[in-house]
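Note sheet for the following structure.
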């Protein structure tokens, strides 16, 4: 169980300066930030595809790069698996040959070929050429190629953005299980808050080449709403609804002590799903009101209030932390304060189930 | 097609000369094509133009220079003869050498374009997957540039097949030894009443040249599709 230490600095011709330092322990770390914040550059530096002007990259005892001691381990000796944003499959090789490309060079423990092929749903594609695959399929092959070489560090640049929602979740679940089993460091780049909240153990927030926050994924993202860092001026809501069951023709689940009414759809009875919704779709009321068409009435307590660029965001605990957005005028007249009890009203149709497995 | 035994001999010799010329120049051409297609360095233009020079130089000049170097009193020719007892000028080796020199620019240009079209990020990915520089070159760069390399080989072969000016200077026109197809055609023209008898070799030459161009064009198109990573 060794973590990755990253410290890298580079001044680019265009005036952009990267100056990032963070730790990535075994498990899944997300690199989150707006485009142009240097996320991809950091991955390339770790992989050895790009040389930084200064810094130190070290995995446990193994030093990848150190400008002081003039250590620069060539790419092929770093034991990384890089999944680039535009998959970069070898066009002259079949899917099978692409997947096996790194296997012959690798002396490390690595996952079983058949297992990875099954996890990534690549069974029927092995003899095809990359040019005949869809974007999502190519992405999965690139993932498989990186995983199959048995990397110590798995680096993924928006690895799942072309996957459909149902498959995305399964893929990530299986991938995380593999990461845990091999106890390796996995870093993925994303600009989707929901993906980070769902899939990452930790998040590193990058903004204009600097680390502006790091820590447990959801808590770090929430804390950053205050600072507007990493392009986060609007939080998103992602909650896990469990104990799903049908009740009088509607799907009902539990959100802490509260009852959540889900939009029509297919759900696993007794199971759980993630649901996302916008902070602006949450209405707040001091007391429960009857006679409303809104189905979701969640009792909660205010954790914090953040004012940001003409918006007021209220951070609440309804069994899980969520955000509500209200106007400054509403805040003026209602004067919400941390610790207040409120009722959150959310229309069923505002809930977006992210996973239906 | 009706060819006399002498003409068959010329065809065989032309094939041999062109094949040897290409085989000898391929390794340096691949190396140079890779350097020119991938590297930036001071004086690159000088190297580029020097490599291309035989393409535009009168072949007779190439032959003259080769004869200066490899002839009996040439610097290299004399050394070879004194030390190893080997004579190159006026043998089929000299014809092959002349073909190699004039075909070299075509080969390098094609190889260079092939390497330039290979996405360097594919090579970088191969490295992250554990492949050494060397293995990346042979496992990724060469296969992706392959159609362009073969296209260059075909063109250089066709050029070697038809090489005349430099060949006649350094190799002469010795039947059975250095009389390749173009020299045989030239010989027919010099023979009284031989004008008409040249047509089988003329047609054969047209067919070879045209087939080479078609093949090279087809390979170039195929290479264009292959070497660019999809998306």
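Every read-out reported here was derived from the displayed coordinates using simple, explicitly stated rules and does not represent laboratory data. Everything quoted here is computed from the prediction, not taken from an experiment. Cβ: placed from backbone, ideal geometry, glycine included. Neighbour counts: every protein chain shown.
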Alpha carbons only, please: Rg and Dmax for the range B:19-119, in angstrom.
15.4, 50
Restricting to the range A:149-273, what percent of DSSP beta bridges are antiparallel, rounded to 5?
75
Contact order relative to length for chain A, counting C-alpha pairs under 8 Å separated by 6 or more residues, stands in percent at 16
Spin-label model distance (nm) - residue A:167 vs residue B:44, 7 Å beyond Cα toward Cβ:
4.1
For chain B, what is the mean residue ellipticity at 222 nm derived from helices alone (per DSSP H run of n ≥ 4: -39500 (n - 2.57); sum divided by total residues; nearest 500 deg cm²/dmol)?
-24500 deg cm²/dmol
Neighbour-count ranking [beta-carbon atoms within 10 angstrom, fewest first] of A:349, B:14:
A:349, B:14
Quick one: Debye curve from the alpha-carbon atoms of the range B:5-230 only, equal weights, vacuum; give me log10 I(q)/I(0) at q = 0.09, 0.11, 0.15, 0.18 Å⁻¹ to two decimals.
-0.44, -0.63, -1.00, -1.23
Give or take rounding to whole Å, what are the principal axis extents of the alpha carbon atoms in the range A:1-75, in descending order?
37, 29, 18
What ranking do A:306, B:56 get, fewest neighbouring Cβ atoms within 10 angstrom at the top?
B:56, A:306
Would you mind checking the tilt of helix A:217-227 against the longest principal axis of the Cα atoms of chain A, expressed as 0 to 90 degrees and rounded to 10?
70
Calculated P(r) tail over 18 Å for the range A:51-140, as whole % of Cα pairs:
56
Roughly what % of DSSP beta bridges within the protein assembly as shown run antiparallel, to the nearest 5?
75
Helix A:135-148 axis, angle to chain A major axis (alpha carbon atoms, nearest 10°)
60
Can you give the Rg to Rh ratio for chain A, taking only C-alpha atoms and Rh from Kirkwood?
1.02
Please arrange A:68, A:10 by counting, for each residue, the other beta carbons lying within 10 Å of its beta carbon, fewest first.
A:68, A:10
Would you calculate the convex hull of the Cα atoms in the range B:158-212 and tell me its volume per residue in Å³?
76
With Cα coordinates, the longest principal axis of chain A makes an angle with the long axis of helix A:165-182, in degrees rounded to 10, of 60
Label-point gap, in nm, between residue B:210 and residue A:73 - each point 7 angstrom along Cα→Cβ:
6.1
Spin-label point model (7 Å from Cα, Cβ direction): what's the residue B:78 to residue B:6 distance in nm?
3.7
What does the helix-only formula give at 222 nm for chain A: each DSSP H stretch with n ≥ 4 adding -39500 (n - 2.57), the total divided by the residues, and the result rounded to the nearest 500 deg cm²/dmol?
-6500 deg cm²/dmol
Compute a Gaussian network model of chain A, connecting alpha carbons closer than 10 Å, and tell me which residue from A:46, A:303, A:314 fluctuates the most.
A:303
Relative contact order [Cα under 8 Å, 6+ residues apart], the range B:5-230, whole percent
31
For the range A:121-245, what does the relative contact order come out to in percent, with C-alpha contacts under 8 Å and a separation of six or more?
16
